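I have placed the structure first, in the form of structure tokens, so that the comments after it can refer back to it.
The values are calculated or read from the model by the stated rules, or taken from the named source; none is laboratory data. The model shown is predicted, which means the values in this text are computed figures rather than measured ones. No Cβ is skipped: glycine too gets one built from the backbone with ideal geometry, and neighbour counts run over all protein chains shown. Side chains are part of the model used for accessible areas, which takes the heavy atoms of the whole protein and leaves out ligands, DNA and RNA. Shrake-Rupley method; radii C 1.70, N 1.55, O 1.52, S 1.80 Å.
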Amino acid sequence: GYDIPVNAQYRLNSNQFIKQVFDKTQIFLHYTAGGPSAKNVIDYWNSDEPQIATAYLIDGNTAGIYECFNPDYWSYHLGIKGTKGRLDKASIGIEICAYGPLVEKKGKFYAWPKNYSSVVIPNDRVCDLERDFRGFHHYHAFSDEQISALESLLSFLIKKYSIKIQKSFDLTWFDYNDSVIANTTPGIWSHTTVRKDKYDLYPDVRITKMLNRLAAKHRK
């Protein structure tokens, strides 16, 4: 059972994940690149064919943690070519509800820069990076509550699955690192670690601070 509040009532249909148990040695963090509702994401995943999903979602309004399926099982969530899902099987995926890269127009920040959607992100939720990350200078900032929920969930999963995590984290953690793919390196990673074409997660110092707190707490 969980030692943290987790909503396991609103789940994925069983055809959306693969009921095979694999040892878990990695956790990958994502954001949804969409609206704040975790339930909407689950509905969307349930409505399509491919088995692409993560075991957990963190809601954008409430920072509630949703368990979409039992994390002993797996689903495709990384999309790494030529690996036949090797890392998907070895990892637990966590999606944080957030829009991702933003574009500024006349002092307003818009999500989905490719089509300048009408989604305006309030200025207090805009992360202004010190330097561009993958071509964007502004990203939709996670709420402090989302980061705190993520920390609790990670701590729970590290203990439950005896995940060996890195000794320390800095902003290079967000960079692409093909050795993580080649070696299925244990630890906590970002989707950007294994995909050059992804933007999740954006380099947020609050995330690396939080990961360093976990590293200190779970030092083996």
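In region 1-106, Cα pairs under 8 Å separated by at least six residues give a relative contact order of 39 percent. Looking at the chain, the accessible area is 49 square angstrom per residue; that uses a 1.4 Å probe and ignores ligands, DNA and RNA. Overall shape: oblate for region 54-110, with the ratio a/c of the largest to smallest alpha carbon gyration tensor axis at 1.5 or above and b/c at least equal to a/b.
Each distinct pair of alpha carbons in region 64-169 adds a 1/r term; the inverse of their mean, the Kirkwood radius, is 16.5 Å. Under 20 Å between alpha carbons, and skipping anything fewer than 8 positions from Lys106 in its own chain: which lysines qualify? Hits, sequence-local ones excluded: Lys114.
Using the Cβ of Asn123 as centre and a radius below 11 Å, the other residues enclosed give a net charge of -1, where K and R count +1 and D and E count -1. Estimated purely from DSSP H runs of n ≥ 4, each contributing -39500 (n - 2.57), the mean residue ellipticity at 222 nm for the chain is -7500 deg cm²/dmol once divided by its residues. In order along region 12-27, the phi-based Karplus estimate (6.51 cos²θ - 1.76 cosθ + 1.60, θ = phi - 60°) of 3J(HN,Hα) comes to 7, 4, 5, 7, 9, 9, 10, 7, 10, 9, 10, 4, 9, 10, 9, 10 Hz; Gly and Pro are listed as x. Dipole check for the chain: with +1 at the C-beta of Lys and Arg, -1 at the C-beta of Asp and Glu, and the Cα centre as origin, the magnitude is about 540 Debye.
Its convex hull of Cα atoms gives region 1-102 a direction-averaged projected area, equal to a quarter of the hull surface, of 7.0 nm². Shown here for region 45-150: trypsin sites (Lys or Arg not before Pro) in loop regions (DSSP other than H, G, I, E, B) with at most 10 other Cβ atoms within 10 Å, namely Lys81, Lys84, Lys106, Lys114.
Partner lysines whose Cα lies under 20 Å from the Cα of Lys164, excluding those fewer than 8 positions away in the same chain, are identified as Lys24, Lys89, Lys209, Lys217, Lys220. Within the chain, antiparallel bridges make up roughly 50 percent of the DSSP beta bridges whose residues both belong there. One chain, two ends: Ser168 and Phe156. Fully extended at 0.36 nm per residue, the span grows by 2.5 nm beyond their Cα-Cα distance. Under the shape rule built on the C-alpha gyration tensor, where the axes satisfy a ≥ b ≥ c, the chain is rounded, since a/c falls short of 1.5. Tell me, what % of the accessible area of region 99-202 is carbon and sulfur with a 1.4 angstrom probe? Accessible surface attributable to carbon and sulfur in region 99-202 totals 49 percent.
Among the chymotrypsin sites (Phe, Trp or Tyr not before Pro) in region 85-180, which ones are in a DSSP loop with at most 13 other Cβ atoms within 10 Å of the Cβ? Mind listing them? Those satisfying the criteria are Tyr116.
3J(HN,Hα) couplings calculated from phi for region 186-193 with the Karplus curve 6.51 cos²θ - 1.76 cosθ + 1.60 (θ = phi - 60°) are, in sequence order, x, x, 9, 9, 9, 4, 5, 4 Hz; Gly and Pro show x. Scalar couplings 3J(HN,Hα) for region 82-93, obtained by applying the Karplus form with A = 6.51, B = -1.76, C = 1.60 to θ = phi - 60°, are x, 10, 6, x, 4, 6, 4, 5, 7, 10, 10, x Hz; x denotes Gly and Pro. Separation of region 1-72 from region 76-105 is 12 Å, based on Cα centroids.
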